[in-house]
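Asks: The structure under discussion is supplied below as structure tokens; questions concerning it will follow.
The values are calculated or read from the model by the stated rules, or taken from the named source; none is laboratory data. Note that this is a predicted model, so its numbers are computed, not measured. Backbone-built Cβ (ideal geometry, glycine too); neighbour counts: all protein chains shown. Each accessible area value is taken on the protein alone, full model and side chains, heavy atoms only, with ligands, DNA and RNA left out. Shrake-Rupley method; radii C 1.70, N 1.55, O 1.52, S 1.80 Å.
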Amino acid sequence: WSQTSRYYNTLSAKLTKVLSSGEFFEVQLKRIGKLYRTGPSALRDTSATYELFPGYYVNEAPKGFWPNSLYSIDGRLSFGGAISTARDRSEFTTWTGKFDYTNQVNFRHQIKSGFEIIYNSYNMEFGMVNEFLPLGNTWTSFERNPYRITGYIQDKIEYEGFITTIGIVPEYINSNGNWYDVSPYSRDFYSANYSPEQEDEFKDEEVEPQFYLSPRIGVSHPITENSKLYFNYGHYRQMPTSETHYRMQRSALDQVDYIGNPSLPLARTISYELGYDHSLYDMYLIRLSAYYKSIDNQQDWTRYVSLDGKVNYYKLTAKNYEDIRGFEFEVSKRYGQWVTGNLNYEYRVGTSGYFGVKQYFENPAEQREYLRQNPYQAKPRPRPRFKSYIDFHTPDDFGPRIVGQRLFGGWSMNFITHWTAGFWTTWNPNNITGIEYNLQYRDYKNVDLKLSKVFKLGDTGTSLKFFAEINNAF
């Protein structure tokens, strides 16, 4: 029941300079600030000012926050204690500088290049505060100022309708600070033996910066005037969330529960796509594509447990992987007086798992028992899905003019539909070997409806929009 206030502010400036008919550049500076304030409501007024019946006065409970435990006469209703435990006083600011340059060198080559510098300032303070049961409290606090520089250069080559885009994206990531370098089972650091006064005694080392090069290739090959083949290939890197990247979460006993890892490699997606587009009557677009995505270095948590059990925590690692493959079929109608929209069907299947070990036990016997059953690979069954966006609308000049308005014209009614086959799970209470994915949940389906019309108020240049949105219309 904690109340949360979130404050956002953005300040941005952008300059565009045209150098010639085929050459220009853009410069942008941006500052984004975010502030979080999460905590309980105002304290309860405990003065007995409410008279329930003659001579019997009570306070305003159960309204207001009260940290201690209070109970009703029959002992069933709690008026305080273990509620409103969330706390957040985090603040962070992001500065961004961006430069983009475009040059149509000649009829066949267009060069695009640029870079972006992002500087972050994190002051994170969040956790759980239970004043009635303090042993369950956790807290995370850190200040970091990481930055990264991303560049790109690409050449768009056109030759007799054959279009190829070749580019490369260099990335430089710097955590801009040190991180802990202690033994994974150190009792003085990870267990309740830790004392904040000894923080400076633990060894740390500078986090090494990371550098990546990601290639990108796109090919579009017209077959006829109304059809084309295309192929896309690229590497993409994903930044981890700062909340997990630099986390140092300790319990009320100062024991480490979760610890981040700024030297973590970035998750990488290698993507392939082969597709075919066909245009019908200059109004319909049919698209069929097959794709494959390989993702490695995904974030996960690895557990460490000491021989005596005093050390028991999770460390951020990058051992997860995922392979996704499938195909899509889509029909779009982009123009029309009465109906526009698109229909999309996708069939996909994924494989996921992890490399290495997800739990480390200082006790060799426990480690051997764990390794008998791990690692594993999940091979779920396919889950096809369908989605559509259909817009039924009337022309602006449709129908008679009444009191200066086309009451039947300009209406738009959108149907947004989703369907996904139910996911498969394993029901095997007797642990019979070979049984897996023998139970399927119900399919998910939903239709949302949006209705709107704009009324123009004469020649005043003012308009009034009427709209309605219905989620889960049926």
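Asks: Can you spot the lysines whose alpha carbon is less than 22 Å from K310's alpha carbon? Ignore those fewer than 8 places along the same chain.
Replies: Reachable lysines: K203, K358.
Asks: Could you give the length gained on full extension between L464 and F202, defined as 0.36 nm per residue of separation minus the Cα-Cα distance, in nm?
Replies: Working: separation 262, 0.36 × 262 = 94.32 nm, distance 6.49 nm.
Here the segment from L464 to F202 would lengthen by 87.8 nm.
Asks: Could you sort Y291, Y56, Y258, Y335 by their accessible area in this structure, using a 1.4 Å probe and putting the largest first?
Replies: Numbers: Y291 30, Y56 90, Y258 70, Y335 145 Å².
Correct descending sequence by accessible area is Y335, Y56, Y258, Y291.
Asks: Same structure again: With the other protein chains left in place, how much accessible area per residue, in square angstrom, belongs to segment 309-394 at a 1.4 angstrom probe? Please list the in-between numbers first.
Replies: Numbers: 5070 Å² over 86 residues.
I get 59 Å² per residue for this part.
Asks: Continuing with the same structure: Could you pull out the pairs from K17/K112; K34/K450; K387/K450; K34/K445; K156/K228 whose alpha carbons sit more than 24 Å apart here? Don't skip to the answer; put the middle values down first.
Replies: On the way: K17/K112 15 Å; K34/K450 32 Å; K387/K450 16 Å; K34/K445 36 Å; K156/K228 17 Å.
Listed pairs above 24 Å: K34/K450; K34/K445.
Asks: Considering the zone a paramagnetic label at I217 would reach in this model (a point 7 Å from Cα along the Cα-to-Cβ line), which residues of segment 247-289 have amide N under 15 Å from it?
Replies: Within reach of a label on I217: 270-275.
Asks: Got a sec? Charge dipole of segment 243-328, +1 on Cβ for Lys and Arg, -1 for Asp and Glu; which of V305, Y258, M248 is way out at the positive end?
Replies: With unit charges placed on the Cβ atoms, the residue in question is V305.
Asks: With each pseudo-label sitting 7 Å past Cα toward Cβ, what's the S20-Q359 distance in nm, one decimal?
Replies: Between S20 and Q359, the simple spin-label model gives 6.7 nm.
Asks: Counting Lys and Arg as +1 and Asp and Glu as -1, what is the net charge of the other residues whose Cβ lies under 13 Å from the Cβ of K456? Can you show the working numbers first?
Replies: On the way: positive: R401, R406, K453, K465; negative: D396, D397, D459.
Local charge sum for K456: +1.
Asks: Considering the options P384, S412, Y236, tell which one lies farthest towards the positive end of the dipole of the chain, charges being +1 on Lys and Arg and -1 on Asp and Glu at the Cβ, about the Cα centre.
Replies: Projecting each Cα onto the dipole axis, the largest value belongs to S412.
Asks: What is the Cα convex hull volume of segment 290-419 when expressed per residue in Å³?
Replies: Details: hull volume 22.0 nm³, N = 130.
Expressed per residue, the convex hull around the Cα atoms of segment 290-419 is 169 Å³.
Asks: Now for a separate question. Before anything else, pin down the relative contact order of the chain: Cα pairs under 8 Å, at least 6 apart, normalised by residue count, whole percent. The partial results should precede the final answer.
Replies: Numbers: 1194 pairs, mean separation 33.9, N = 474.
Worked out over the chain, it gives 7 percent.
Asks: Would you mind giving the three semi-axes, in whole Å and largest first, of the ellipsoid equivalent to segment 367-431 according to its Cα gyration tensor?
Replies: Working: eigenvalues 700, 25, 16 Å².
Equivalent ellipsoid semi-axes, largest first: 59, 11, 9 Å.
Asks: Still on this structure: How large is log10 I(q)/I(0) at q = 0.06, 0.09, 0.10 Å⁻¹ when the Debye formula is applied to the Cα atoms of the chain, each weighted equally and without solvent?
Replies: Those come out to -0.48, -1.06, -1.25, one per q.
Asks: Magnitude of the Cβ-charge dipole of the chain, K/R +1 and D/E -1, about the Cα centre, nearest 20 debye? Display every interim value, and only then the final one.
Replies: On the way: 52 positive and 53 negative charges, 297 e Å.
Roughly 1420 debye, rounded to the nearest 20.
Asks: Here's something else I'd like to know. Rg to Rh for segment 397-446: what is it, with Cα atoms only and Rh by Kirkwood? Please report the intermediate quantities before stating the final value.
Replies: Working: Rg = 25.6 Å, Rh = 15.8 Å.
Ratio of gyration radius to Kirkwood radius for segment 397-446: 1.62.
Asks: Next question. What does the charge add up to near Y152, with Lys and Arg as +1, Asp and Glu as -1, over the other residues with Cβ less than 15 Å from its Cβ? Don't skip to the end; give the middle numbers.
Replies: On the way: positive: K98, K112, R148, K156, R216, R237; negative: E26, D100, E116, D155, E171.
Computed value for this residue: +1.
Asks: Could you work out how far the C-alpha centroid of segment 259-284 sits from that of segment 428-463, in angstrom?
Replies: Using only Cα atoms, the two centres lie 23 Å from each other.
Asks: Heavy atoms only, probe 1.4 Å: what % of the accessible area of the chain goes to carbon and sulfur, would you let me know? Intermediate results must be reported in sequence, preceding the final value.
Replies: Details: 16290 of 29600 Å².
Answer for the chain: carbon and sulfur cover 55 percent of the accessible area.
Asks: Moving to a separate point now. Rounded to the nearest whole Å², what accessible area per residue is found for segment 1-103 with the 1.4 Å probe?
Replies: Details: 7150 Å² over 103 residues.
Per residue, segment 1-103 has 69 Å² of solvent-accessible surface.
Asks: Taking a probe of 1.4 Å, how large is the accessible area per residue of segment 203-283, in Å²? Walk me through the numbers on the way to the answer.
Replies: On the way: 4380 Å² over 81 residues.
In whole numbers, segment 203-283 has 54 Å² accessible per residue.
Asks: Expressed as a rounded percentage, what relative contact order does segment 301-437 have, with Cα pairs under 8 Å and six or more residues apart?
Replies: On the way: 255 pairs, mean separation 27.8, N = 137.
Dividing the mean separation by the residue count of segment 301-437 yields 20 percent.
Asks: Quick one: Karplus J couplings for segment 252-264, per residue in order, coefficients 6.51, -1.76, 1.60, θ = phi - 60°, nearest Hz, x for Gly and Pro?
Replies: 5, 8, 6, 7, 6, 9, 9, 9, x, 7, x, 8, 4
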